Protein chains: 4
Amino acid sequence: MVFAYSRRIYLADTDAAGVVYFASLMSICHQAYEESLAMGGISLQDFLADSSVAIPIVHSEMSFFRPIFCGDKITINLTAKQLNKPEFAIAYQIVASEKKLAQGSTRHVCINPKTRIKIPLPENIIQWLKLVAEEDSRGKDNPKIKS
Amino acid sequence: MVFAYSRRIYLADTDAAGVVYFASLMSICHQAYEESLAMGGISLQDFLADSSVAIPIVHSEMSFFRPIFCGDKITINLTAKQLNKPEFAIAYQIVASEKKLAQGSTRHVCINPKTRIKIPLPENIIQWLKLVAEEDSRGKDNPKIKS
Amino acid sequence: MVFAYSRRIYLADTDAAGVVYFASLMSICHQAYEESLAMGGISLQDFLADSSVAIPIVHSEMSFFRPIFCGDKITINLTAKQLNKPEFAIAYQIVASEKKLAQGSTRHVCINPKTRIKIPLPENIIQWLKLVAEEDSRGKDNPKIKS
Amino acid sequence: MVFAYSRRIYLADTDAAGVVYFASLMSICHQAYEESLAMGGISLQDFLADSSVAIPIVHSEMSFFRPIFCGDKITINLTAKQLNKPEFAIAYQIVASEKKLAQGSTRHVCINPKTRIKIPLPENIIQWLKLVAEEDSRGKDNPKIKS
């Protein structure tokens with residue numbers, strides 16, 4: 001399922017060039033991630049209080065196609081997938097009025113924050129990953145392809 | 001009418017002390033102001049494009065009563081009133097689960113941005129001020145008080 | 001001693017109105033506070049790691065006199081004073097080219113973060129307060145005034 | 001020449017996970033870019049005031065190797081190179097105490113902001129690119145290698 005998060009662009013997101021500041025858009029994508037976790041029943045506050053596990057971002061990237069202005073209503077379409085036992089990736093499509101404004105991704109690794117050693121993702125994150133998994137479009141759009 | 005804006009607290013709003021960073025809460029209050037302008041039909045993008053008028057903040061203050069945590073859902077209750085021809089003030093009550101977390105205010109002055117001279121507030125702002133005016137509670141709660 | 005912290009204004013500090021975003025200036029003042037703590041030998045990282053004490057901001061305010069632009073070099077002149085056993089206040093003067101751009105203040109209360117009960121300020125903060133105390137100019141310049 | 005920009009990590013750069021927020025590090029890298037422009041004699045304020053040219057970021061990415069804490073002193077080592085007439089790329093190495101904490105890059109395209117059409121980079125940016133160019137170590141150290 002694609003998780004869609006819509007949000008207005010506020011003055012604080014913009015800079016003196018008159019458009020959204022590039023790093024602010026990364027932050028808005030992270031808000032979409034946090035909203036999708038909440039939708040999956042995961043409390044970020046409980047997660048932060050658990051000192052045995054952390055899931056830091058190890059890579060982020062974003063491509064910017066069009067300027068985004070103060071007051072614009074944008075939608076972040078988020079999907080995620082597990083890469084291996086401790087890692088997952090999130091993809092973000094930023095759209096407005098059916099135009100693609102930007103796209104990005106983040107990669108997250110589950111660690112023990114004291115030892116910094118990788119550990120398997122917790123069960124509630126694995127369940128959340130199933131909720132926001134990119135659907136296998138081949139199967140859906142063209143069900144006969146396998147037959 | 002009190003304008004109510006509800007919003008989750010995101011990781012970006014917090015700091016390493018584990019709670020919302022004080023200046024982030026000022027920024028969240030400004031988001032409530034921007035949402036109330038949108039509700040009043042005022043486009044901030046059009047407003048910013050008009051080089052003949054600007055309404056900068058000349059004073060802001062905030063009192064913090066309780067810590068606010070990542071994931072919390074807070075509500076900003078906003079009211080405003082015109083102070084004189086070029087000025088208005090906004091009051092913000094920040095609440096969650098019927099507890100008052102913080103309160104603040106901003107004062108705004110309408111100027112010609114080139115000359116920095118005060119000018120009267122534009123008509124659409126005056127209309128918005130009527131929408132979000134604090135009601136005269138004396139008259140409402142106790143209509144006989146005047147008789 | 002007045003503690004002076006100079007800093008360029010970056011694009012991230014500004015907004016689409018073309019000037020510094022009001023809440024960003026509060027954040028820049030807090031940077032001055034952090035630099036003054038470092039000058040006083042106080043490690044904020046150690047302080048944050050100590051779960052028995054926290055010194056949250058309970059009030060902040062700022063007045064804005066002139067617009068501040070991207071690329072401007074500003075100086076924050078900081079002084080502080082202890083108000084009572086658990087509390088102190090910081091005053092900030094924001095200047096550039098001998099012009100006063102803004103001024104503000106924050107009030108800080110020392111608490112036990114678990115119980116939220118006020119506790120006396122730690123000794124290293126009391127020493128820092130002496131370093132950045134506003135000098136009593138009457139007493140210093142004119143020591144006989146009291147006799 | 002590698003341009004080095006050193007800076008303390010402030011509370012506002014961190015989040016409730018206790019370390020620097022990922023998007024804040026992108027913003028700190030952009031500060032290094034702005035400082036390098038200033039070193040090259042380029043006023044960002046003049047640049048923003050010129051409505052005939054803009055150089056937005058079209059791609060950004062960052063890899064995070066180690067956590068960065070409040071109070072840490074980090075250095076951004078910045079180099080840049082022109083990719084073609086309208087484009088350049090910047091590389092950032094984020095280090096502290098000789099350890100590599102993160103690395104990232106941004107790609108910038110020069111456009112006419114009204115038409116969004118690509119235009120050649122202005123001369124002062126081309127001069128700045130020469131200042132912060134990654135040196136071709138092969139050619140310099142061993143000039144005969146091509147012959």
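In nm to one decimal, list the spacings between the A:Pro122 label point and its equivalents in the other copies, with label points set 7 Å along Cα to Cβ, shortest first.
Label-point separations across copies, in nm and ascending: 2.9, 4.8, 5.1.
Using a probe radius of 1.4 Å on heavy atoms only, what accessible surface per residue do you get for region B:3-131? Whole Å² is fine.
Using a 1.4 Å probe on heavy atoms only, each residue of region B:3-131 averages 41 Å².
Please identify, among D:Gln45, D:Gln31, D:Gln103, the residue showing maximal mean-square fluctuation in a Gaussian network model of chain D using a 10 angstrom Cα cutoff.
Highest fluctuation of the listed residues: D:Gln45.
Using a 10 Å cut-off around each Cβ of peptide C:46-53, what is the average number of partner chain Cβ atoms that fall inside?
Neighbouring Cβ atoms belonging to other protein chains average 2 per residue here.
Find, to one decimal place in angstroms, the Kirkwood hydrodynamic radius of region A:1-65, where the mean of 1/r is taken over every pair of different Cα atoms and then inverted.
14.0 Å is the Kirkwood radius here.
What are the distances, in nm and sorted shortest first, from the label point of A:Asn84 to the label points of the same position in each other copy, with each label point placed 7 Å from Cα along the Cα-to-Cβ direction?
Label point to label point, same position, other copies: 3.6, 5.9, 6.8 nm.
Select the chain B residue whose beta carbon lies nearest to the rotation axis carrying chain B onto chain C, and write the distance in whole Å.
So the closest residue, with its distance, comes out as B:Glu61, 2.
Can you list residues from other chains, or at least 5 along the same chain, whose modelled amide H is less than 5 Å from the amide H of D:Val58?
It is D:Arg107, D:His108, D:Val109, by chain and number.
Which entries of D:Lys81/D:Lys118; B:Lys99/C:Lys81; A:Lys118/D:Lys100 have Cα-Cα distances beyond 25 Å here?
Those over the limit are B:Lys99/C:Lys81.
Using a Gaussian network model on chain B with a 10 Å cutoff between Cα atoms, which of B:Thr79, B:Thr115, B:Thr106 fluctuates the most?
B:Thr115
How far is it, in nm, from the label point at A:Ser97 to the one at D:Glu134 when both lie 7 Å from their Cα along the line to the Cβ?
It works out to 3.9 nm between the two label points.
Go ahead and estimate [θ] at 222 nm for chain C from helices alone: -39,500 (n - 2.57) per DSSP H run with n ≥ 4, summed, over the residue count, rounded to 500.
-7500 deg cm²/dmol
Determine, from the Cβ-Cβ distance of A:Val2 and B:Gln45 and an R0 of 25 Å, the FRET efficiency 1/(1 + (r/R0)^6), rounded to the nearest 0.05.
0.35
Tell me the relative contact order for chain C as a rounded percent, counting alpha carbon contacts under 8 Å between residues six or more apart.
Computed value for chain C: 28 percent relative contact order.
Please find, in a Gaussian network model of chain C (springs between Cα atoms separated by less than 10 Å), the residue of C:Met62, C:Met26, C:Met39 whose mean-square fluctuation is greatest.
C:Met39
Under the rule of at least 5 residues apart or a separate chain, name every residue whose amide H is placed under 5 Å from the amide H of D:Asp72.
Those lying under 5 Å, H to H, from D:Asp72 are D:Ile9.
Please turn the phi angles of region D:13-21 into ³J(HN,Hα) values with the Karplus equation 6.51 cos²θ - 1.76 cosθ + 1.60 (θ = phi - 60°), one per residue in order, whole Hz, x for glycine and proline.
7, 9, 9, 5, 6, x, 10, 5, 5
What are the nm distances, shortest first, from D:Ser51 to its equivalents in the other copies, labels at 7 Å along Cα→Cβ?
Nearest first, the other copies' label points are 0.4, 5.8, 5.8 nm away.
Does region A:3-131 come out rounded, prolate or oblate, given a ≥ b ≥ c as the square roots of the eigenvalues of its C-alpha gyration tensor, rounded meaning a/c under 1.5 and, failing that, prolate meaning a/b above b/c?
Here region A:3-131 falls in the prolate category.
The values are calculated or read from the model by the stated rules, or taken from the named source; none is laboratory data. From a predicted model like this one, the values you see are computed outputs, not experimental measurements. We place every Cβ from the backbone using ideal geometry, glycine too, and count neighbours over all the protein chains shown. To get the accessible areas, we keep the full protein, side chains included, count just its heavy atoms, and leave off ligands, DNA and RNA. Shrake-Rupley method; radii C 1.70, N 1.55, O 1.52, S 1.80 Å.
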